[in-house]
Amino acid sequence: MTINPQDFADHIAHLVRTIPEDPEITRAADLFTKALTAGGVIQAFGSGHSEAVAMEIAGRAGGLVPTNRLALRDIVLYGDAPRSELDRYDLERDPAIARTILDLAPVQRHDLFVIISNSGVNGVVVELATLVKERGHDLIAITSRTHGEAAASRHPSGRKLADLADVVLDNHAPYGDAVLSLPDGGATGAVSTITSALLAQLVVTQTVRNLLEAGEVPPVYLSANVPEGDAHNLRLEALYAGRIRRGA
């Protein structure tokens with residue numbers, strides 16, 4: 001058996017063509033638009049590699065300014081947990097961490113949450129989703145339905161991220177994420193980061209379209225590496241002072 005990178009590229013190309021047809025993208029963008037129009041901020045959370053997708057949503061060129069990224073490290077950066085907590089192998093499986101992250105966050109009533117997790121079964125993401133819904137916020141999940149349905153929940157309730165979200169965006173990653181089988185078992189060629197980032201950008205661009213069609217000026221970042229980018233971005237960020245973080 002030979003691994004062919006072109007097979008991986010062909011698989012991704014197929015997903016790039018078909019994922020935009022998902023009507024849930026429009027539903028997610030409508031929730032984004034609703035939150036922003038009401039003065040809310042988009043709160044994005046992902047742990048592990050899923051944090052890269054939260055970064056697609058919060059604080060990047062071409063993206064929306066009223067966005068905030070939550071992360072496991074917040075318990076140290078904004079709380080009083082020791083740095084050694086971040087070395088725990090099971091940190092993202094601990095439901096108690098979710099409440100700490102949420103309580104440390106600058107969340108207001110109209111904020112919308114996006115939680116990204118390929119499996120959707122770990123304690124932090126399920127507990128965070130549970131708390132978000134208990135506190136009355138809309139919730140969008142970016143996850144793999146295939147993996148989530150095949151995996152056991154690691155939350156005491158037995159629930160999974162997809163069970164709690166108002167909108168579920170399926171990244172179409174297979175169980176285990178990778179798509180090219182290896183001769184002695186296992187696989188290589190992970191899918192979820194690429195397709196989840198695509199979903200995030202599709203929702204953002206549809207939201208911008210919604211705002212333009214409503215006659216509003218979308219609060220969109222310029223690249224910091226173009227002339228006047230810093231001035232443009234700082235002016236918009238000032239409108240959300242104390243509500244969005246642009247730290248580590």
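The values are calculated or read from the model by the stated rules, or taken from the named source; none is laboratory data. Treat the numbers as computed from the prediction; the structure is a model and nothing was measured. Cβ atoms come from the backbone with ideal geometry, glycine included; neighbour counts cover every protein chain shown. Quick note on the areas: whole protein, heavy atoms, side chains included, nothing else; ligands and nucleic acids left out. Shrake-Rupley method; radii C 1.70, N 1.55, O 1.52, S 1.80 Å.
Filter the stretch 142-161 down to residues that are hydrophobic (A, V, I, L, M, F, W, C) and farther than 17 Å from Val191 by Cβ, then give me how many there are.
Residues in the stretch 142-161 being hydrophobic (A, V, I, L, M, F, W, C) and farther than 17 Å from Val191 by Cβ: 2 in total.
Of all residues being in a helix (DSSP H, G or I) and in contact with a strand residue (DSSP E or B) (Cβ under 7 Å, 6 or more places away or on another chain) in the stretch 80-130, which is nearest to Ala150 (Cα to Cα)? Just the residue, please.
Val125
Those residues that are assigned to a loop (DSSP other than H, G, I, E, B), open to solvent by 50 Å² or more (accessible area, probe 1.4 Å) and not polar (S, T, N, Q), I need them from the stretch 137-161; list them, please.
Of everything in the stretch 137-161, those that are assigned to a loop (DSSP other than H, G, I, E, B), open to solvent by 50 Å² or more (accessible area, probe 1.4 Å) and not polar (S, T, N, Q) turn out to be Ala152, Arg154, Pro156, Arg159.
Could you please tell me which pairs satisfy a Cβ distance under 6 Å, a separation of 6+ or placement on different chains, a first residue in the stretch 1-26 that is modelled with pLDDT of 95 or more, and a second residue that is assigned to a helix (DSSP H, G or I) and of a type in the set (Ser, Thr, Tyr)?
These pairs meet every condition: Leu15/Thr195.
Collect the residues in the stretch 21-40 that are open to solvent by 60 Å² or more (accessible area, probe 1.4 Å) and within 23 Å of Ala214 (Cβ to Cβ), keeping them in residue-number order.
Correct list: Pro23, Thr26, Arg27, Asp30, Lys34, Thr37.
Is there a residue in the stretch 168-189 that is open to solvent by less than 20 Å² (accessible area, probe 1.4 Å), among the small types (Gly, Ala, Ser) and in a helix (DSSP H, G or I)?
No, the stretch 168-189 contains no residue that is open to solvent by less than 20 Å² (accessible area, probe 1.4 Å), among the small types (Gly, Ala, Ser) and in a helix (DSSP H, G or I).
Scanning for something at pLDDT 95 or above, within 30 Å of Asn118 (Cβ to Cβ), touching a helix residue (DSSP H, G or I) at 6+ places or on another chain (Cβ under 7 Å) and open to solvent by less than 70 Å² (accessible area, probe 1.4 Å), does the stretch 224-237 turn up at least one residue?
The answer is no; no qualifying residue exists.
Return the only residue of Ala214, Ala173 being small (Gly, Ala, Ser) and touching a His at 6+ places or on another chain (Cβ under 9 Å).
Only one candidate qualifies: Ala173.
What residue, among those in the stretch 41-62 that are of a type outside the set (A, V, I, L, M, F, W, C) and surrounded by fewer than 22 Cβ atoms within 10 Å (Cβ to Cβ), is farthest from the chain's Cα centre (by Cα)?
Here the answer is Gly62.
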